[in-house]
Amino acid sequence: MKLKDTRLEVLPRDLSAYRAGNTGIDYVHRFDSGRPGPHVLINALTHGNEICGMVAATHLLDTGVRPLIGTLTVSFAHVQAYEAFQAEDPFANRQLVHNLNRVWSADWLDGAEDSPELRRARALRPVVAAADHILDIHSTSHDGGPFWVYPGFERNARAALAIGARGAVVTHLVMPSGLGSGTPLIQHGRHGLAGGGAGVALVVECGQHFLRASAEVATRTALDFLAHFGLIDAPAPASQPATQRRFELLRTCMVQTEAFRFVRPLQGFETFAQGELIATDGEAGEIRAPCDECTVFMPTRKPIVGREAVYLTQPLAA
C-alpha cells in the first residue's frame, strides 16, 4: 500500500481534555455503578496510529455511558505515540521505541530497560490487572476487514462468538500457544492463564487504521462488549450476522533481513497450499505454507527487521 493510496478518512483529535481522568493515572477514566458486577476495561490506542480506538473511547466518554452494574474503565494507552501522528507518514507513529503490545510480561515490566512504552505499561499495569474483562481495540495497515484475536481459552471463544453473533465482527484469530512475538496486553497476568478464572480478554482488529468504517466497528464492538457483560442495555444488532469463521494461529513469522519480500502483494486472508512459497527473507530462507488452506493474517505493509512479517493460520470449525 503506497501512501498516496491511503485514505485518511479519520484523523486524530486533541485528547488533552481527557488527560486528567479520575484515577490518578493520565488518560484513565473509571465509573463505578455502586452495584455488584464485573469490572470491564475498554482500552484504546495501544498503538499510536490505531485511531479507531480513540473514536470508540471518546464516544463512551462524550455520550456519558455509565455502567448499570459493576465498573467501567476507559483508557487511552499510548497518547504520546498518538500525538506524534503526521499525515504525510501516518504509519510511522505505531510505536516510539518498543511495541506497547508485546511488553506485558514480568521480564519486561520488572526489567531495567526503559522506553516510553515501558513507562506507560508500568503505569497501566494496575489498570489492566484490576479488570475482570478486557477489550483492547486495534486496527490494521491493510483493509482486510475486522476480526477478533484472543488466547485459545474457552471463556474467550464463548464471548467472542456471542458478541460476533450480533454481526459486527465474525472472523476469529485464535492463539492456542500465545502470539509468538512477545506478551500482548490481553495476556497479562491472570488473563494469560488457562486457569485464570472467568475473565475474558479480547483484541478486536477493526479494519484499516484510517477508515471511517473501522471507527464505526470499534464503537459498535465496545458497546456490544459492554452489553454482553450487562454493563449497558444491548443495542440493536449491527446487521444480519454472517457465518462466523475461526482460524488457529500456527506461526508468527518475523522479518529477519532487509531482503524480506512477499511473492506477491498481500492484504490479508489470502490462502496458500501446503508447501507453497509465501515470502523470501534473504539468508534467513523461505516462508512456506505449513498446511493446506493456510490463511495469512496481517501481512506487513513495510517489512522492518525485528517486527512481525505475517501470521500463518489454518481454519477451525466455528
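Worth a mention:
- Exactly one residue out of L231, L193, L223 is crowded, with 21+ Cβ neighbours inside 10 Å and over 17 Å from the mean Cα position of the chain (by Cα), and it is L231.
- Test for D224: is it at pLDDT 95 or above, in contact with a helix residue (DSSP H, G or I) (Cβ under 9 Å, 6 or more places away or on another chain), of a type in the set (D, E) and outside the structural domain of R94 (by TED's automatic domain parsing): no
- Only one of A238, A218 that is surrounded by 14 or more Cβ atoms within 10 Å (Cβ to Cβ) and either part of a loop (DSSP other than H, G, I, E, B) or of a type in the set (K, R) (or both): A238
- Test: residue in the stretch 101-116 that is loosely packed, with under 13 Cβ neighbours inside 10 Å and in a helix (DSSP H, G or I): yes
- Criterion violated by A198 - all others in (1) part of a loop (DSSP other than H, G, I, E, B); (2) on the phi > 0 side of the Ramachandran plot; (3) in contact with a Pro (Cβ under 9 Å, 6 or more places away or on another chain); (4) not acidic (D, E) satisfied: (2)
- Subset of the stretch 268-318 [surrounded by 19 or more Cβ atoms within 10 Å (Cβ to Cβ) and small (G, A, S)]: G268, A279, A289, A309
- Within the stretch 268-302, the set of residues being of a type in the set (D, E, K, R), assigned to a loop (DSSP other than H, G, I, E, B) and without any contact (Cβ under 8 Å) to a residue 60 or more places away in the chain comprises E270, E276, D292, E293.
- Any hit, the stretch 41-58, residues being within 30 Å of M298 (Cβ to Cβ) and surrounded by fewer than 18 Cβ atoms within 10 Å (Cβ to Cβ): no
- Every condition in (1) touching a strand residue (DSSP E or B) at 6+ places or on another chain (Cβ under 9 Å); (2) over 30 Å from P265 (Cβ atoms); (3) surrounded by fewer than 19 Cβ atoms within 10 Å (Cβ to Cβ) holds for S177 except the one numbered (2).
- When P265 is tested against (1) touching a residue at least 12 places away in the same chain (Cβ under 8 Å); (2) over 30 Å from T63 (Cα atoms), just one condition goes unmet, and that condition is (1).
- Yes/no for T58 being of a type in the set (S, T, N, Q), within 18 Å of L231 (Cα to Cα) and over 18 Å from the mean Cα position of the chain (by Cα): no
- Matching option when the condition is closer than 23 Å to P315 by Cα and in a loop (DSSP other than H, G, I, E, B), among H138, H142: H142
The values are calculated or read from the model by the stated rules, or taken from the named source; none is laboratory data. All values derive from a computational prediction rather than experimental measurement. Note: ideal-geometry Cβ built from the backbone for every residue, glycine included; neighbour counts use all protein chains shown.
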